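The values are calculated or read from the model by the stated rules, or taken from the named source; none is laboratory data. Being a predicted model, the structure only gives us computed values, none of them experimental. So basically every Cβ, Gly included, is an ideal-geometry build from the backbone, and we count neighbours across all protein chains shown. Accessible surface is based on the protein model in full, side chains and every heavy atom, while ligands, DNA and RNA are left aside. Shrake-Rupley method; radii C 1.70, N 1.55, O 1.52, S 1.80 Å.
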Amino acid sequence: SIRDNKDGTYTLFVHLANPASIIPYTSSTMKEALKRCNTLYLLDDSIPIFDSYLSDHILSLLPNKYTNALTVKVKVDTDYSLILDTLEIIPSVIQSKHKLSYEETDDIINHGGDLNSTLMLLSRYLISKLRITLKLVLIIN
């Protein structure tokens with residue numbers, strides 16, 4: 001999520017599921033997850049780091065469900081650069097409001113709706129970061 005600040009900056013919140021808050025570190029479930037390292041996303045499928053029940057229900061950031069999370073909070077300058085000395089990682093409990101497909105997100109950005117302004121801010125931020133990344137790739141190559 002993103003919030004407008006009175007000084008013209010933004011505050012960006014990135015919420016990540018926090019499995020360590022409910023799965024003991026020494027459990028066989030956590031040991032297996034540590035072997036896998038991450039979820040593998042394929043074109044039409046995925047191989048989750050945790051079993052599918054945990055991944056799809058208990059740990060998933062589903063709409064209207066309270067979930068343990070880690071929230072990364074950071075201010076974003078007017079040129080969409082991160083103000084790193086404001087970065088915080090905060091244990092949190094969040095309630096996701098929406099689960100959108102790529103198509104639904106595109107439709108809101110292109111045709112308006114309740115989420116339009118938030119998605120526009122996020123897309124401007126991400127596009128500015130993509131431009132910087134592309135410039136770095138061009139310089140390196």
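Points to keep in mind about this one:
- Sites Asp106 and Tyr25 - FRET efficiency at Förster radius 41 Å, r taken between beta-carbons, to 0.05: 0.55
- Candidates per trypsin sites (Lys or Arg not before Pro) in the range 1-51, loop by DSSP, up to 13 other Cβ within 10 Å: Lys6
- Counted residue by residue at 0.36 nm each, then reduced by the alpha carbon distance between them, the extension gain from Ile89 to Ser60 reaches 8.5 nm.
- For Ala69, residues with placed amide H under 5 Å, excluding near neighbours: Asn18, Ser92, Val93, Ile94
- For the range 21-101, share of DSSP beta bridges that run antiparallel, in % to the nearest 5: 90
- Rolling a 1.4 Å probe over the heavy atoms of the protein chains gives the range 1-66 an accessible area of 71 Å² per residue.
- Taking a point 7 Å from the Cα of Glu32 along the Cα-to-Cβ direction, the residues of the range 58-76 with backbone N closer than 20 Å to it are 58-61.
- In Å², nearest 10: area of Ile22 left accessible to a 1.4 Å probe: 80
- Computed on the range 15-60, with alpha-carbon pairs under 8 angstrom and 6+ residues apart, the relative contact order is 31 percent.
- Gain in span if fully extended, Thr78 to Lys6, counting 0.36 nm per residue against the direct Cα distance: 24.8 nm
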